[in-house]
Every structure is written in structure tokens, then in C-alpha cells.
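Asks: Sending over a structure as C-alpha cells; questions will come in a sec.
Laboratory data are not the source of any read-out in this text; all were calculated from the coordinates shown. Computed from a predicted model, the values in this text were never measured in an experiment. Cβ: placed from backbone, ideal geometry, glycine included. Neighbour counts: every protein chain shown.
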Amino acid sequence: MKKPFIGIFTVCMLLLWASPADAAAIQIKIDHVLVKSDVAPEMTNNRTMVPLRVISENLGAQVHWQDAKIILTSDKTVIQLQPNSHTIIKNGQTAQLDVQPYIKNNRTFVPLRFIAETFGSQVHYSNGIVSITNEPLLLNNIKIQALRYEYHMTMGGVVQDIQGNAYVKELSSIFQVQRGTQVEAPAHYSWQPNTDQLGSYSKQGQYNFRGVDGQNVQQFDIYLLNRGFPIELLEGYPTVLLHDVTADKWYIFTEKGMDAIDQLIHNAINNGFSTVISNTVA
């Protein structure tokens, strides 16, 4: 009489043990890069729920909290959602989620498929792996494979490739959207800060969009005004300049744009979407 009870008990315990393991086994790849996260995805109502920042940042989106609401922005897409609510607002249009976001252990979990597809990504499931893919950026009808980012310090510099179609597309968009009025080239500009020349600029970064064959398709350089002078003498000089090297044109650029680019590259490096080509920093 004890055998059926023991059998049922054993099956129940196996099911309980299997569920967390299955959830923890879910892996996420975005543009063929395995996404790193210290919190595993979860299954809720047959939906894969993921930490908000893990999915949104790796799709090139900016995340902001405002009055207990989450604002996601990327290129021309703005999404507003709220924990424990099925309602979302996308570009001013209201829609309903079939599973609501929630907060667990100070992390906000959102439905992976909805977030990914809202930002134009394709989602595929296979053998415990969720693959999210994005169309590559096209510049002059050439597919862009990576953004080569270079910066210098006092001693040496670093060159690295930023991969991930979502990252590359969002970076390209920022250069276009945050570009302002065209201006003349500054009289003095270089990699190294020059505190001897009034109105001189130092290069903060070099950004080459490279095709699949490694060719440079488009290059932008960002320059920052050297501030080693009394503030009244610097009046009239733009703080940030963008040099479209490919077209050899100069533009006023926004500090907001520079900060957004720095944040995206920081996210890409932290999340495994970068490859160091050279590092000569002493």
C-alpha cells in the first residue's frame, strides 16, 4: 500500500525540482551574442519574463523611471509601461499586455517577446535558447557589421569593435538626430587637449561604421571644447562639435547626444558586445 504513495511523492518532488532548473536554463542571445545577466529569466503564464534592463539596453533602448512608470526610448519608438499593469502606451497608442510586468527582488521583469518585437526584433525559441535578431544597419546600401570605436588617453589608447545590430543602429541614429547646425571647422583640433590655443578642441572619440568586408563606410569624430581659459573668453564657442569625416563637414553636437553614445558603448562593453582590437594604455 505504501508503494503508490511513494511513487506519487517522488514524481511531485521531481516536478518541483525540475521547474526552477528549466527556468534557469533559459538562455538569451541577441544578434548571436549570449547576453549576460545575474538574474535568470522566468516563465510566467507561458511567457518568458526577463529583467527589464537586460533586454532593453541590449536592444539599444534608454530606460527611465518617471512617477513609478517606466519609459523606454529608442530611435522613434517610445514605450510607457508600469509594474502590475497590463496597459502600455507605445508612441501615444494604448495597448494591453497578456501578462503584466512585475517587480521581484528589486528587479523589474517584462515579457521578452513584447519588448523585442516592439523594437522591431525577431524572436525565435529553440532548445532552451531565445534568439533575438535585428536587421543590420544599411549605409549607402552596405550592411554594417560593427562600429569601430577608438579613444586616446594621455598615454596610449584603445580600439574596439562594438557588435550587435541594435547597438549599431541606435548609435547611428544618435549621430543623425543630435546633429545640429553646420559650422566651420575649428582653427585648432587634435587628440590631445591644447590649453595654449583659445577655442581649440580635443577629440573625445572616433567612430567608424564598418562593412562586412572591414571597409570603413562612414566615420564620425566627436570633439570637446578645451576649457583651460576664463569662461568669458569661451563665449560663442560650441561645447561639442561633430566632424562627419566622410563628408568632411562640421556640426554643432549636443552634450545629450555625447552622453547617450557614451552610455550605449558602456552598456555594449559591459554586456559582451565588444571586442578589443588593441590596447596601448600604459
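Asks: Neighbouring Cβ atoms within 10 Å as the yardstick, rank 38, 31 fewest first.
Replies: Arranged by neighbour count, lowest to highest, 38, 31 become 38, 31.
Asks: Let me spell out the model: positive unit charges on the Cβ of Lys and Arg, negative unit charges on the Cβ of Asp and Glu, origin at the Cα centre of the chain. What dipole size does that give, in debye rounded to 20?
Replies: 1220
Asks: Setting aside same-chain residues fewer than 8 positions from residue 76, which aspartates and glutamates have a Cα under 12 Å from its Cα?
Replies: 170
Asks: Right, something else. Could you list the residues of region 62-77 with an amide nitrogen less than 12 Å from a label point located 7 Å from the Cα of residue 91 in the Cα-to-C-beta direction?
Replies: Only 74-77 pass the distance filter.
Asks: Also, quick follow-up: What percent do you get for the relative contact order of the chain when only Cα pairs under 8 Å and 6+ apart count?
Replies: Numbers: 528 pairs, mean separation 45.3, N = 282.
Relative contact order here is 16 percent.
Asks: Full extension from residue 266 to residue 47: what is 0.36 nm times the residue separation minus their Cα-Cα distance, to one decimal in nm?
Replies: 75.9 nm
Asks: How many nm separate the modelled label positions at residue 188 and residue 40, each set 7 Å beyond the Cα in the direction of the Cβ?
Replies: Simple spin-label model gives 6.0 nm for this pair.
Asks: Ranked by Cβ crowding within 10 angstrom, fewest neighbours first, how are 255, 184 ordered?
Replies: Starting with the residue having the fewest Cβ neighbours, the order is 184, 255.
Asks: Cross-link candidates for residue 143: which aspartates and glutamates have Cα within less than 12 Å, leaving aside residues fewer than 8 places away along the same chain?
Replies: List returned: 135, 213.
Asks: Another question, then. Between residue 117 and residue 278, what length comes free when the chain is fully extended (0.36 nm per residue of separation minus the Cα-Cα distance, one decimal in nm)?
Replies: Result: 54.4 nm gained on full extension.
Asks: Tell me the mean residue ellipticity at 222 nm calculated for the chain from its helices only (DSSP H runs of n ≥ 4, each -39500 (n - 2.57), averaged over every residue, nearest 500).
Replies: -7500 deg cm²/dmol
Asks: Are there DSSP H segments in the chain that both extend 24 Å or more along their axis (alpha-carbon positions) and score a mean Kyte-Doolittle hydropathy of at least 0.0? List them, or say none.
Replies: In the chain, the long hydrophobic H runs are 2-25.
Asks: Starting from the Cα of residue 197, step 7 Å along the direction of its Cβ; do the same at residue 155; then give the gap between the two resulting points in nm.
Replies: Placing both labels 7 Å along Cα→Cβ, they lie 2.6 nm apart.
Asks: Starting from the Cα-Cα distance between residue 173 and residue 131, subtract it from 0.36 nm times their residue separation and give me the gain in nm to one decimal.
Replies: 12.7 nm
Asks: How high is the relative contact order of region 24-133, in percent, counting Cα pairs under 8 Å that sit 6 or more residues apart?
Replies: Reported as a whole number, the value is 28 percent.
Asks: Going by C-beta contacts inside 10 Å, put 42, 232, 170 in order with the fewest on the left. Kindly include the intermediate steps, with their values, before the conclusion.
Replies: Working: 42 17, 232 6, 170 24.
Lowest count first: 232, 42, 170.
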